[in-house]
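Q: Below you'll find the structure I mean.
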Amino acid sequence: MTIPTEAIGSIPRPPELIEAITSFHLGKFAPVELESAYDAALRDTIGRLEQTGSPVLTDGEQTKPSFATYPLSGLTNLASDGVVIPFADGHQRQLPRLTSGPFHYGVHAATYLRAARTYTKRPMKQAVISASALSLLYPPDGIADYSREAFVADLLDDAEEDIRGALNAGAASVQIDFTEGRLSLKLDPSGGLLRSFIALNNQVLDRFSASDRQKIGVHVCPGGDHDSTHSADVDYAAFLPDLFKMNVGRFYLQLASEPDRKRVLRLISKLRQPDHLVFIGVIDPINPRIESAEEVRDRVLEAAAYLPIDRLGTTDDCGFSPFADDISTARETAFRKIQARVEGTALAAKELGL
């Protein structure tokens, strides 16, 4: 037995791709040139991830505009003035606003998985955005001739298709990105919004078999964009009890950057169910310092004192560049951190006699 280790998803895009995207939007690049740049970045990313020794790969989200908005590609019924997400350093991200119905995904995650699988034979993980994040597209004052109930029905169908399509395309696991979960407690400290998010996501998850749900996980972190967070000041103790009610088999939890990891680990040990596989974050993507393999080993051993070894995995706290324009983390730094995670996890497994 070994300790499983997986990345969260995004890898910083190479400068050549960022330049190609900019040139395309300025009308200086033809679509075929942009596609060639995307393909080169995807091929290089998978090759570099293989070199780190990663047993499970991702596509690095090289061809996504962001981890959250990929389903909106090509849609024309959106306006730019949707929900604003403020970050601690003062910068903001803004979601689009749905202007008319019906709502359907423009792109499903299986598209990215199929493209990535042409470059590797190793198992592939696919990240998808949560239904709860996309529920924020619907405006508070409603849409004429398209009720919120109708929107939610369409959203649930497409969210199910997003996950099922990835599984059917051969994903070893599917990770639901739920970074809005912790943020919701800043917007509504009563927890009502969080519980509504959990309930909505569970409506999607209830459509899957128990065996499928063992391949489906949820990722949470306090955000990680331009080296800043949006909800790191929200106490895990207020968040985790509801999170562990999500009907998934895997939990990918930010932990490396937590000031009191042992406190959080004690809480996780009380909340987890016997069939839960818990991936703890051992790498902090927004800290430029590269962790050593020995440091990662020690974090795994620390977690093993609280969690069953056969139900423990390692991951990164968050994606390295969840938005395509985020260049705050060097691409080389990301790969070196990932390699430290892989090597440190192996050192811990050896010390634990696995």
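The values are calculated or read from the model by the stated rules, or taken from the named source; none is laboratory data. Quick caveat, the model's predicted, so the values are computed rather than measured. Every residue, glycine as well, gets a Cβ built from its backbone with ideal geometry; the counts of neighbours run over all protein chains shown.
Q: Which ones in the stretch 20-35 are in a helix (DSSP H, G or I), without any contact (Cβ under 8 Å) to a residue 12 or more places away in the chain, exposed (fewer than 15 other Cβ atoms within 10 Å of the Cβ) and not aliphatic (A, V, I, L, M)?
A: Of everything in the stretch 20-35, those that are in a helix (DSSP H, G or I), without any contact (Cβ under 8 Å) to a residue 12 or more places away in the chain, exposed (fewer than 15 other Cβ atoms within 10 Å of the Cβ) and not aliphatic (A, V, I, L, M) turn out to be T22, H25, P31, E35.
Q: Could you check the stretch 156-170 and list, in sequence order, the residues that are of a type in the set (A, V, I, L, M, F, W, C) and surrounded by fewer than 24 Cβ atoms within 10 Å (Cβ to Cβ)?
A: L156, L167, A169 - these are the residues of the stretch 156-170 that are of a type in the set (A, V, I, L, M, F, W, C) and surrounded by fewer than 24 Cβ atoms within 10 Å (Cβ to Cβ).
Q: Being closer than 30 Å to D206 by Cβ, of a type in the set (V, I, T) and touching a Ser or Thr at 6+ places or on another chain (Cβ under 8 Å), is that true of even one residue in the stretch 291-300?
A: no
Q: Also, I was wondering about something else. So in the stretch 206-233, with the set limited to residues that are within 17 Å of S135 (Cβ to Cβ) and touching a helix residue (DSSP H, G or I) at 6+ places or on another chain (Cβ under 6 Å), which one is surrounded by the fewest Cβ atoms within 10 Å (Cβ to Cβ)?
A: R207
Q: Shifting gears a bit: With the stretch 77-180 as the region, which strands (runs of 3 or more DSSP E) entirely inside it contain at least 3 residues that are farther than 20 Å from I198 by Cβ and either at pLDDT below 95 or touching a strand residue (DSSP E or B) at 6+ places or on another chain (Cβ under 8 Å) (or both)?
A: In the stretch 77-180, 92-94 are the strands (runs of 3 or more DSSP E) which contain 3 or more residues that are farther than 20 Å from I198 by Cβ and either at pLDDT below 95 or touching a strand residue (DSSP E or B) at 6+ places or on another chain (Cβ under 8 Å) (or both).
Q: Kindly provide the set of residues from the stretch 45-69 that are within 17 Å of I18 (Cα to Cα) and not acidic (D, E), ordered by number.
A: T45, G60, Q62, T63, K64, P65, S66, F67
Q: Right, next: Does P55 qualify as being within 22 Å of the chain's Cα centre (by Cα), part of a loop (DSSP other than H, G, I, E, B) and more than 18 Å from T329 (Cβ to Cβ)?
A: When the stated conditions are applied, P55 passes them.
Q: If you don't mind, another one. Exactly one of (1) on the phi > 0 side of the Ramachandran plot; (2) surrounded by 14 or more Cβ atoms within 10 Å (Cβ to Cβ) is unmet by G74. Its number?
A: Against the list (1) on the phi > 0 side of the Ramachandran plot; (2) surrounded by 14 or more Cβ atoms within 10 Å (Cβ to Cβ), G74 comes up short only on (2).
Q: Just give me the residues in the stretch 117-144 being closer than 23 Å to G181 by Cα, surrounded by 15 or more Cβ atoms within 10 Å (Cβ to Cβ) and out of contact with any Phe, Trp or Tyr (no Cβ under 6 Å at 6 or more places or on another chain), in sequence order.
A: Of everything in the stretch 117-144, those that are closer than 23 Å to G181 by Cα, surrounded by 15 or more Cβ atoms within 10 Å (Cβ to Cβ) and out of contact with any Phe, Trp or Tyr (no Cβ under 6 Å at 6 or more places or on another chain) turn out to be K125, Q126, A127, V128, I129, A131, A133, L134, S135, L136, L137, P139.
Q: Something else now. Please indicate, with yes or no, whether at least one residue in the stretch 233-252 is of a type in the set (V, I, T), under 30 Å from A340 (Cα atoms) and at pLDDT 95 or above.
A: Yes, the stretch 233-252 contains a residue that is of a type in the set (V, I, T), under 30 Å from A340 (Cα atoms) and at pLDDT 95 or above.
Q: If you don't mind, there's one more thing I want to ask. Considering each of L307, L354 in turn, give the residue that is of a type in the set (A, V, I, L, M) and either within 21 Å of G223 (Cα to Cα) or out of contact with any strand residue (DSSP E or B) (no Cβ under 8 Å at 6 or more places or on another chain) (or both).
A: L354
Q: If you don't mind, another one. Can you tell me which residues in the stretch 91-108 are in contact (Cβ under 8 Å) with a residue 60 or more places away in the chain and surrounded by 15 or more Cβ atoms within 10 Å (Cβ to Cβ)?
A: Within the stretch 91-108, R93 is the sole residue that qualifies.
Q: Let me ask another. Go through the stretch 59-76 and report how many residues are out of contact with any Asp or Glu (no Cβ under 8 Å at 6 or more places or on another chain) and assigned to a loop (DSSP other than H, G, I, E, B).
A: Count: 12.
Q: List the number of the failed condition for A88; all other conditions in (1) buried (at least 16 other Cβ atoms within 10 Å of the Cβ); (2) closer than 21 Å to H230 by Cα; (3) of a type outside the set (D, E) hold.
A: With (1) buried (at least 16 other Cβ atoms within 10 Å of the Cβ); (2) closer than 21 Å to H230 by Cα; (3) of a type outside the set (D, E) applied to A88, the lone miss is (1).
Q: Test Y252 against the criterion of being farther than 27 Å from T120 by Cβ, under 20 Å from the mean Cα position of the chain (by Cα) and of a type in the set (F, W, Y), and give yes or no.
A: Taking the combined requirement at face value, the residue does not satisfy it.
Q: For the stretch 338-349, state whether one or more residues are more than 22 Å from D89 (Cα to Cα), in contact with a Leu (Cβ under 8 Å, 6 or more places away or on another chain) and surrounded by 21 or more Cβ atoms within 10 Å (Cβ to Cβ).
A: yes
Q: Does D177 satisfy being acidic (D, E), out of contact with any Pro (no Cβ under 7 Å at 6 or more places or on another chain) and crowded, with 22+ Cβ neighbours inside 10 Å?
A: Criteria met by D177.
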